[in-house]
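Enquirer: I am attaching a structure below and will ask some questions about it afterwards.
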Amino acid sequence: MKIAFFDTKPYDVPSFDKYGSEYGITFKYFETKLGADTAELAAGFDGVCAFVNDTIDAPVIDRLVELGVKVLALRCAGYNNVDMKHAFGKLHVLRVPAYSPYAVAEHAMALLLTSIRRIHKAYIRSRDFNFSLSGLTGFDLHGKTVGIIGTGRIGRVFIDICRGFGMKVLAYDKFPAPGLDNGDTIRYVELAELLANADIISLHCPLTEETHHIIDEAAIGQCKRGVVLINTSRGALVDARALLDGIKSRKIGAACLDVYEEESDLFFEDNSGHILEDDILARLISMPNVIVTSHQAFLTEEALSNIAETTCKNISCFFAHNQCPNELCWRCSGTEDCKNGKCF
């Protein structure tokens, strides 16, 4: 099995070489992202392996099919960058539904603690031997109310972490997790109630048409003044311009972002020698109460190993049985893994 591997980073190669060897898969690594201009690189390969910022729209899908590519193996959980409706009946799409929920949830808490306890500012000061405490006052998490939007694997791990700090949890999910609501410290509520009562809001839901800009101007208007917003899920869950306006108006007290709406041409790359043309992102980064990390929540040794192993298992399973339990199927509503392991 020969797989064209797009958007390669140095940290990808060791794990994929290891598990590729175990499962009889040969990867050809390309640093370039998959898109209309690079799809030709997939000629002669059985499949392609793509990541979150690759573009797999209708023209790319059609060209891959013309080149004889049978499978698209996503090495991530999200698939909003794939035109699933167009892929149906043409290209099998596999994903990694879970790699390390702990990695993402722990990063979300790391961002929160860094922000509210001013760790980043204290670190910079102490490097200059400035040990003043002025402007470093934070607040306790104990007793605060956190709103969790999305209670899948990552959301539930984040809830466990928050409960460890003695926080109360308000949760919102279209499909509530059975047994999670205890009627006291963890309660499912409607989105409006969550927005109105949460001191901290953390996003852990997938990006769909329904959740696109779930945090917009109207939603921010319903929030408590000074709310802290965390997004380690998908950038477009948050309307970036509305977020900036909310920060400027002091409605949002702080923002912790590991993802950004227009990140595809920026994140995962060294842009330090270039002028940032995205004015909204530049303004956000310049704000003293905003922390931005470059989509690194997933980046742990454990997660990288799990991603590579599951991706290789998916590819091997598909070519051995012409089906895979982690295959995505638009026919199954476009938002769920195929229930019978075979899309078409």
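The values are calculated or read from the model by the stated rules, or taken from the named source; none is laboratory data. Since the structure is predicted, the reported quantities are computational estimates derived from the model, not experimental observations. So basically every Cβ, Gly included, is an ideal-geometry build from the backbone, and we count neighbours across all protein chains shown. Ligands, DNA and RNA are stripped out before the accessible areas are found, and what is left, the full protein with its side chains, is counted by its heavy atoms. Shrake-Rupley method; radii C 1.70, N 1.55, O 1.52, S 1.80 Å.
Enquirer: Mean separation of Cα pairs under 8 Å and 6+ residues apart, divided by the residue count of the chain: what relative contact order is that in percent?
Expert: Once divided by the residue count of the chain, the mean separation gives 17 percent.
Enquirer: Let me make sure I get this right: for the range 59-113, a, b and c are the square roots of the gyration tensor eigenvalues over alpha carbons, sorted descending. Under 1.5 in a/c it's rounded, otherwise prolate if a/b > b/c, else oblate. Which is it?
Expert: prolate
Enquirer: Express in whole angstrom the spacing between the alpha-carbon centres of the range 203-229 and the range 1-61.
Expert: If we compute the Cα centre of each part, the gap is 33 Å.
Enquirer: May I pose another question? Got a number for the accessible area of residue 88? Probe 1.4 Å, square angstrom, nearest 10.
Expert: Roll a 1.4 Å probe over it and residue 88 shows about 60 Å².
Enquirer: Arrange the residues 327, 193 by how much accessible surface each exposes, largest first, with a 1.4 angstrom probe.
Expert: Highest to lowest solvent-accessible surface, that is 193, 327.
Enquirer: If you don't mind, there's one more thing I want to ask. For a test of the definition: using alpha carbon positions, the gyration tensor, and the 1.5 limit on a/c, classify the range 174-315 as rounded, prolate or oblate.
Expert: oblate
Enquirer: Averaged per residue, what accessible area in Å² does the chain show with a 1.4 Å probe, protein chains only?
Expert: With the other protein chains kept in place, the chain gives 47 Å² per residue.
Enquirer: Counting only residues 5 or more places away or on other chains, whose amide H sits under 5 Å from the amide H of residue 74 once H atoms are built in the peptide plane?
Expert: Those lying under 5 Å, H to H, from residue 74 are 50, 94, 95.
Enquirer: Going toward the positive end of the dipole of the chain, with +1 on Lys and Arg Cβ and -1 on Asp and Glu Cβ, which of 275, 136, 300 do you reach last?
Expert: 136
Enquirer: Give, in nm to one decimal, the length gained when the segment between residue 269 and residue 210 is fully stretched (0.36 nm per residue of separation minus the Cα-Cα distance).
Expert: Here the segment from residue 269 to residue 210 would lengthen by 18.3 nm.
Enquirer: Let me ask something additional. Taking a 1.4 Å probe, which of 250, 125 shows the most accessible area, and what order do the others take after it?
Expert: 250, 125
Enquirer: Rounded to the nearest 10 Å², what accessible area does residue 21 have for a 1.4 Å probe in the complete protein model?
Expert: 90 Å²
Enquirer: Within the set of other residues whose C-beta is less than 12 Å from the C-beta of residue 299, count the net charge using Lys and Arg as +1 and Asp and Glu as -1.
Expert: It works out to a net charge of -4.
Enquirer: Let me ask another. For the chain, what does the helix formula give at 222 nm: sum of -39500 (n - 2.57) over DSSP H segments with n ≥ 4, over the residue count, nearest 500 deg cm²/dmol?
Expert: When only DSSP H runs of four or more count, the value is -9500 deg cm²/dmol.
Enquirer: Given axes a ≥ b ≥ c from the Cα gyration tensor, I'd like to know whether the range 77-179 is rounded (a/c under 1.5), prolate (a/b larger than b/c) or oblate.
Expert: In terms of gyration-tensor shape, oblate.
Enquirer: Right, something else. Please work out the C-alpha center-to-center distance from the range 121-167 to the range 64-111 and express it in whole Å.
Expert: Answer, in whole Å: 30.
Enquirer: Taking the dipole about the Cα centre of the range 96-179, with the C-beta of Lys and Arg at +1 and of Asp and Glu at -1, give me whichever of 99, 164, 115 is farthest to the positive side.
Expert: In the range 96-179, that residue is 115.
Enquirer: Given a Förster radius of 41 Å and the C-beta distance between residue 218 and residue 37 as r, what FRET efficiency does 1/(1 + (r/R0)^6) yield to the nearest 0.05?
Expert: 0.60
Enquirer: What chymotrypsin sites (Phe, Trp or Tyr not before Pro) does the range 102-135 have in DSSP loop regions with at most 13 other beta carbons within 10 Å?
Expert: Counting only loop positions with at most 13 other Cβ atoms within 10 Å, the chymotrypsin sites (Phe, Trp or Tyr not before Pro) in the range 102-135 are 129, 131.
Enquirer: Note down the nm distance, to one decimal, between modelled labels 7 Å out along Cα→Cβ at residue 196 and at residue 241.
Expert: About 2.9 nm, to one decimal.
Enquirer: Suppose accessible area is computed on protein heavy atoms with a 1.4 Å probe; arrange 66, 269, 209 from highest to lowest.
Expert: Per-residue accessible area, sorted high to low, gives 209, 66, 269.
Enquirer: While we're looking at this one, here's another question. Out of the range 211-262, which GluC sites (Glu not before Pro) are coil in DSSP terms and have no more than 15 other C-beta atoms within 10 Å?
Expert: Those that pass, being in a loop and sparsely packed, are 262.
Enquirer: If you don't mind, there's one more thing I want to ask. Mean Kyte-Doolittle of at least 0.0 and a Cα length of 27 Å or more along the axis: which whole DSSP H helices of the chain meet both?
Expert: 301-321
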